[in-house]
Amino acid sequence: MDQKLSGLSIFFPFWNEEQNIEQVVLKAIPVAEKVSLKWEIIMVDDGSTDDTLKIAKKLASKDERLKVVSLHPNRGYGAALQAGLEKARHKYIVFTDGDGQFNFLEVTKFIKKIENADMVIGFRQVRRDSNRFRRLLLMNLLKIWDLIFFKLRFKDIDCGFKMIRRSALDKILPLRSEGAMITTEILAKANRKKLKIEEVGITHYSRQHGDQSGANIPVILRAILESFILWYDLHYGRT
């Protein structure tokens, strides 16, 4: 990269990631230094019941560029993303999941694309989930669902690695989904505003610590309900 960004807000949503949070944040700091003149890292704790929040506060106490947002009780992935997006203050915003399954160094791929786009979304070239078959099935069902209801045609809609310009984010706010449909809402509203969206392939790693929660029945049922609410808002609301 020849030129650094003027300002970059980075945030990670965490839920019971006490074994991952420190490693994820500390690995992101040198990358942030490399790619942007000014930066911040926002740690969003979504009502964790372990020591995730305690560790986040400890990290933040050592560097004013590290910030903590705490949601209590646990509200969901979408609520955590909303909190991070609302807190972000720089021209460019990027987020990845806080489970250590992405290499934040690959943000350089997003930065190259964002020069000519409003938003850049990652797609996992090979998924490395613990229950890969079930995850792939759900991913493809979501693609079909979102194509039918929202006319979305992306390779990996719910990939937790995305970058957006602050100016583009302002056009799609406010966001309503507090569960897994948040990524569909972001993309559907971006399409509605005719924002330019680019895709980039990224590496997905196996989870080393903690448990995945995105494929359980309550999360899926909540996502279905939120998708109907989103469809109604897009067609009959003020969105």
Next on the checklist: Given the condition touching a residue at least 24 places away in the same chain (Cβ under 8 Å), more than 16 Å from the chain's Cα centre (by Cα), crowded, with 16+ Cβ neighbours inside 10 Å and over 17 Å from VAL94 (Cα atoms), answer yes or no: does some residue in region 179-201 qualify?
Outcome noted: yes
Item to check | Within region 219-236, tally of residues that are of a type outside the set (Ser, Thr, Tyr) and open to solvent by less than 40 Å² (accessible area, probe 1.4 Å) | outcome: 5
Next on the checklist: Looking at SER6 and the list (1) closer than 14 Å to HIS90 by Cβ; (2) without any contact (Cβ under 8 Å) to a residue 60 or more places away in the chain; (3) open to solvent by 20 Å² or more (accessible area, probe 1.4 Å), which single condition is not satisfied?
Outcome noted: (2)
Item to check | Any hit, region 209-221, residues being over 15 Å from TYR77 (Cα atoms), modelled with pLDDT under 95 and outside any helix (DSSP H, G or I) | outcome: yes
Item to check | Failed criterion for LYS162 (all others in (1) within 14 Å of the chain's Cα centre (by Cα); (2) surrounded by fewer than 22 Cβ atoms within 10 Å (Cβ to Cβ); (3) in a loop (DSSP other than H, G, I, E, B) hold) | outcome: (3)
Checklist entry - Taking the condition farther than 20 Å from GLY76 by Cα, open to solvent by less than 50 Å² (accessible area, probe 1.4 Å), without any contact (Cβ under 8 Å) to a residue 12 or more places away in the chain and not polar (S, T, N, Q), does LEU136 pass? => result yes
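What number of residues in region 143-159 are open to solvent by 10 Å² or more (accessible area, probe 1.4 Å) and under 13 Å from the mean Cα position of the chain (by Cα)?
As a first pass, look at region 143-159 and keep what is open to solvent by 10 Å² or more (accessible area, probe 1.4 Å): 143-145, 147-151, 153-155, 158.
So of that shortlist, the ones also under 13 Å from the mean Cα position of the chain (by Cα) come out as 158.
Summing the residues that are open to solvent by 10 Å² or more (accessible area, probe 1.4 Å) and under 13 Å from the mean Cα position of the chain (by Cα) in region 143-159 gives 1.
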Checklist entry - Within region 1-21, which residues are over 18 Å from the mean Cα position of the chain (by Cα) and not in a loop (DSSP other than H, G, I, E, B)? => result LEU5
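Looking only at region 38-52, filter to residues that are part of a strand (DSSP E or B) and of a type in the set (D, E, K, R); which one of those is surrounded by the fewest Cβ atoms within 10 Å (Cβ to Cβ)? Talk me through it step by step, then tell me what you get.
Narrowing region 38-52 to residues part of a strand (DSSP E or B): 39-46.
Of the ones still in play, those that are also of a type in the set (D, E, K, R) are 40, 45-46.
Working: GLU40: 21, ASP45: 27, ASP46: 27.
Applying the filter and picking the extreme gives GLU40.
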Next on the checklist: Please determine whether any residue of region 30-37 is part of a helix (DSSP H, G or I), under 21 Å from ILE164 (Cα atoms), small (Gly, Ala, Ser) and open to solvent by less than 10 Å² (accessible area, probe 1.4 Å).
Outcome noted: yes
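Each row is one residue, and each column tells you yes or no for (1) crowded, with 22+ Cβ neighbours inside 10 Å; (2) of a type in the set (A, V, I, L, M, F, W, C); (3) in contact with a Phe, Trp or Tyr (Cβ under 9 Å, 6 or more places away or on another chain); (4) modelled with pLDDT of 95 or more.
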| site | (1), (2), (3), (4) |
| --- | --- |
| ALA80 | yes, yes, yes, yes |
| LYS87 | no, no, yes, yes |
| HIS90 | no, no, yes, yes |
| VAL94 | yes, yes, yes, yes |
| LEU105 | no, yes, no, yes |
| ILE121 | yes, yes, yes, yes |
Checklist entry - What is the residue count in region 16-29 for residues that are closer than 30 Å to LYS112 by Cα and open to solvent by 70 Å² or more (accessible area, probe 1.4 Å)? => result 4
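The values are calculated or read from the model by the stated rules, or taken from the named source; none is laboratory data. None of the values given here were measured: they were computed from a predicted structure. Every residue, glycine among them, receives a Cβ derived from its backbone with ideal geometry; neighbour counts consider all protein chains shown. Note: areas computed on protein heavy atoms with side chains; ligands, DNA, RNA excluded. Shrake-Rupley method; radii C 1.70, N 1.55, O 1.52, S 1.80 Å.
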